[in-house]
Amino acid sequence: MTKATSLYRRLLRVHRLLPREIRFVGDQYVRAEFRNHRSVTDQRLLDQFFKQWAMYLETMEHTAMKNSSNNKKQSSSGGGASWDVGKHLDRETVESLDDDKAEQLLDLHRA
């Protein structure tokens, strides 16, 4: 199995821990991004692509562990389960996005 395939599978696997509506959006996005990068041959671009997805995977794994721990505490005290997903983007990061990524971010925000 290639590193790319392994990363792809791990991303879809971590999405299984998400609430259904978020999982659907995340899975579709991962599939589309990996499909769109299949024909890329520039190693610099591929390295950056995989680095960013690996960082996302690490964030999601950390989030899943944190939420799992918080939800166990809430359920033992009678509270409902909730999910805090992702991370907040600072103004500089948002302003540095190209038009396509900014539009994707707006679409996700509206969903």
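The values are calculated or read from the model by the stated rules, or taken from the named source; none is laboratory data. This one's a predicted model, so the numbers in the text were calculated from it and none came from an experiment. Ideal geometry is used to build each Cβ from the backbone, glycine not excepted, and the neighbour counts take in all protein chains shown. Side chains included, ligands, DNA and RNA excluded: accessible areas come from the protein's heavy atoms. Shrake-Rupley method; radii C 1.70, N 1.55, O 1.52, S 1.80 Å.
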Of everything in the range 38-69, what is surrounded by 12 or more Cβ atoms within 10 Å (Cβ to Cβ), at pLDDT 95 or above and either among the β-branched types (Val, Ile, Thr) or over 18 Å from Arg16 (Cβ atoms) (or both)? Give them in sequence order. Leu46, Phe49, Phe50, Ala54
Counted residues in the range 96-111 being acidic (Asp, Glu) and surrounded by 10 or more Cβ atoms within 10 Å (Cβ to Cβ) come to 2
From the options Arg9, Arg23, residue that is modelled with pLDDT under 95, on the phi < 0 side of the Ramachandran plot and surrounded by 10 or more Cβ atoms within 10 Å (Cβ to Cβ): Arg23
Residues of the range 75-95 satisfying the condition of being modelled with pLDDT under 70 and open to solvent by less than 60 Å² (accessible area, probe 1.4 Å): Gly79, Gly80, Val85, Gly86
